[in-house]
1. How far apart, in nm, are two points set 7 Å out from the Cα along the Cα-to-Cβ line at residue 193 and at residue 233?
2. What is the extension gain from residue 174 to residue 261, computed as 0.36 nm multiplied by their sequence separation minus the C-alpha to C-alpha distance, in nm to one decimal?
3. Check residue 221: other-chain or 5+ apart residues with amide H under 5 Å from its amide H, H built from backbone geometry?
4. What are the ³J(HN,Hα) couplings of the range 37-47, residue after residue, when phi is run through the Karplus curve with 6.51, -1.76, 1.60 and θ = phi - 60°? Round to Hz, x for glycine and proline.
5. Would you mind pulling out the separation of the Cα centroids of the range 53-126 and the range 174-237, in Å?
6. Find out how many positive minus negative residues lie around residue 59, taking Lys and Arg as positive, Asp and Glu as negative, among other residues whose Cβ is under 12 Å from that of residue 59.
7. Just to be sure I understand the model, the point goes 7 Å from the Cα along the line to the Cβ. What's the resulting residue 46 to residue 63 distance in nm?
8. What is the dipole size for the range 49-146, taken about its Cα centre, with +1 at each Lys and Arg Cβ and -1 at each Asp and Glu Cβ, in debye to the nearest 20?
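Every read-out reported here was derived from the displayed coordinates using simple, explicitly stated rules and does not represent laboratory data. Note that this is a predicted model, so its numbers are computed, not measured. Methodologically, a virtual Cβ is constructed for each residue, glycine included, from the backbone with ideal geometry; neighbour enumeration extends over all protein chains shown.
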Amino acid sequence: MRRPALDATQGDTAGNGAANGLLPGTAVPILLYHGVGSDASSELRRFTVSPAAFDQQMTMLAEQGYTTLTVSEFLPALHGNPAGLPARPALITFDDGFANTLTEALPILERHGFASTLYATTGFMGDGGKGGRRGVNRSGDAMLSWDELRELAERGMEIGAHTHSHPMLDTLPAEAARAEITGSKDLIEQALQAPVRSFAYPHGYSSAAVRRMVATAGYTSACAVKNALSHPADDRFAIARLTIEAGHSLENVDAMISGRTTRLAPSREHLQTTGWRWARRGMALYRRARERP
């Protein structure tokens, strides 16, 4: 069920959303997909859902009465207006910009009348049109061309940015991170001749400094991962999502979106998340030092 557009300019999983102090019905499942297809590189196979499984999952959402929103349509709820949400809201998002988002996922979404948001990694985009060269990622998976990205936008999918080269932004020097955040936005806006309002952090990683860069660049929202349910008190620059993997059964997905095996997104970063960031930064500094002549 597609909701009319509103006027909108990582963590572990445990527990039930109701235990977090919010009223029942305020938990919002935001599903994160990567590829939807039958063919994927070994690196992406875990994150590539078959078209049949994707269709079953979308059918389940429809049968359970969920109304879908784009990320920007969800934004008013994060600005203190949860009353504008439908009774059972859900969001469907795609990261990276795989070619099968157009060929496999979109026809299923259109059949159900579902809204969605795609976050494109601009450095993986091809330079051809429908009959030209598609892009390829580092693993050799087919990525969208710029003409195909335009087609997705014309057919109603919200397009956001996912950096240019898909790095862990919170391990980069400030200028390099800023270039990834602003450069991808500029390229997509030039291609679509439309503003890009939403961003997604590669690998789900961010930091307070990275989130400030995203806000300063002119984005109005940004998605993290967290593997938790979002809610009206969620951080609009670190929106929680649930990663859907190839190994998830329909029952697994149902339990995730219902809150039986997931929790509401926390208001503060876990200590282990902070510790893992410092570890990754140390590894990145070591690699950069090794690469210097």
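1. Simple spin-label model gives 4.5 nm for this pair.
2. Values: separation 87, 0.36 × 87 = 31.32 nm, distance 3.69 nm.
So the chain would gain 27.6 nm between residue 174 and residue 261.
3. Hits under the 5 Å cutoff: 199.
4. These are the phi-based 3J(HN,Hα) values: x, 10, 9, 8, 5, 4, 5, 9, 4, 4, 9 Hz.
5. 17
6. On the way: positive: 111; negative: 55, 63, 254.
My count for the surroundings of residue 59 gives -2.
7. Placing both labels 7 Å beyond Cα along the Cβ direction yields 3.0 nm.
8. Approximately 140 debye in magnitude.
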